[in-house]
Amino acid sequence: MDPQLQAGTAHLTERSQNGTLSDDVDKILALQGIGWLSRKIIKRATITLYIKHYKDDEGAEHIDIEQTVTGGLTGPPEYRTLNWTSHKMDHSLFGAIIAKSRRIPVAEITDEYLNSGWLPDVSREGAIQSYAEADEEKNPRRWISDMVSKFSPFESCTPHVLT
């Protein structure tokens, strides 16, 4: 792997969601139109992310995420190209969406909470911002998700924190 890609992302291979460390996402999922039963299953499931981080032959940075849920069920994959170009996709949970991702300099993050506690590598290389919204042409739901992926030290490990 390119040494520049390793900065801040050297441990991006496999992560399990620790629900005891996460905020309750029930209200967020309800606002996105996810049904009650699906929300309860998601709340109790352990989600393992298999993350592939690479540059393609043209030099574009990618993060591909495959998900496995408790019991071996597969969740919807996410393929992110960090070039801030919008692309449409049909997500099995959220429906039709338009998404884009990029590296963003930490100095450009204006939220005080998000702008603190970064590992030195991330401060140097930039954070990963992912923006998604419901595709109004195909999706009756209306929502926007604007996330910054944060890597911060916690109890002798470096978890991937979505904020």
- Taking a label point 7 Å from the Cα of LYS88 along Cα-to-Cβ, the residues of the stretch 132-146 whose backbone nitrogen sits under 19 Å from it are 132-145
- Message: How far apart, in nanometres, would the label points at ALA107 and THR74 be if each is projected 7 angstrom from Cα along the Cα-to-Cβ direction?
- Response: 4.3
- Query: Hey, rough spin-label estimate for GLU58 and LYS138, points 7 angstrom out along Cα→Cβ, what's it come to in nanometres?
  - Reply: 2.1
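Would you mind ranking SER130, SER101, SER123 so that the residue whose beta carbon has the fewest other beta carbons within 10 Å leads the list? Working shown, then result.
Numbers: SER130 18, SER101 24, SER123 15.
Ordered by Cβ neighbours within 10 Å, fewest first: SER123, SER130, SER101.
Listing LEU82, LEU49, LEU93 from the residue with the fewest other Cβ atoms within 10 Å to the one with the most, what is the order?
Details: LEU82 20, LEU49 17, LEU93 13.
In increasing order of surrounding Cβ atoms, one gets LEU93, LEU49, LEU82.
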- Which order results if ILE144, ILE51, ILE41, ILE97 are arranged by neighbouring Cβ count within 10 Å, fewest first? ILE144, ILE41, ILE51, ILE97
- Cα extents of the stretch 53-104 along the three principal axes, largest first (Å): 37, 23, 20
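Every number here is computed from the coordinates shown, using simple stated rules; none is lab data. Not measured: the values here are computed from a predicted model. Ideal geometry is used to build each Cβ from the backbone, glycine not excepted, and the neighbour counts take in all protein chains shown.
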